[in-house]
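Here, each number is a calculation from the coordinates, and none is a lab measurement. Owing to the predicted nature of the structure, the values given are computational and were not obtained by experimental measurement. All Cβ positions, even for glycine, are placed from backbone atoms using ideal geometry, and neighbour counts span all protein chains on display.
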Amino acid sequence: MKTIAPETEAEAEESDFKPLTAEEAQQWRRRNPPVSVWRVVAGQALVGVVVALVAWLVTGKSSVAWSAGYGALAVVIPAALFARGMARQRASANVGAAMVGFFGWEIVKLVLSVAMLAAAPRLVRDLSWLALLVGMVVTMKTYWIALMVRSGVRKTD
């Protein structure tokens, strides 16, 4: 028996696509509720405080705790600004304008983070770059945890 392969890659992808019915879409939305961006930012702030406290307890130096805390702030403050900017433009029906807004706020977030890092040696006494980096990285990765443990999600296996 001979099978005929699709002529183009686009045709092959189209044949695998099956749109959801209204009922299936509703069930999917129930199983995957949206995550509040403010909850993620609050989670990042909480993790930043915990990282600073752990840094202080482990080293016994307040300068290390302040460095870790400032690293967390270099993530949380730009993320909060990004969330605020995106929430204000959410009502835009124009997809192009929404994408430009998204990239614009992302650039603002990155520039603010870099500016905060550049200002760190002047703002944090006895700055520990290692603690600052740990505070940043741990805080930055918090959103993965928030997505995995979000409430209201029913796991179906």
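Just a few scattered comments:
- Computed 3J(HN,Hα) for the range 101-111, one whole-Hz value per residue from the Karplus formula 6.51 cos²θ - 1.76 cosθ + 1.60 where θ = phi - 60°, is x, 4, 5, x, 5, 5, 5, 4, 4, 5, 4, glycine and proline marked x.
- Surrounding net charge for Ala115, when Lys and Arg each add one and Asp and Glu each subtract one, Cβ distance under 14 Å: +2
- Fewest neighbouring Cβ atoms within 10 Å first, the residues Val41, Val54 line up as Val54, Val41.
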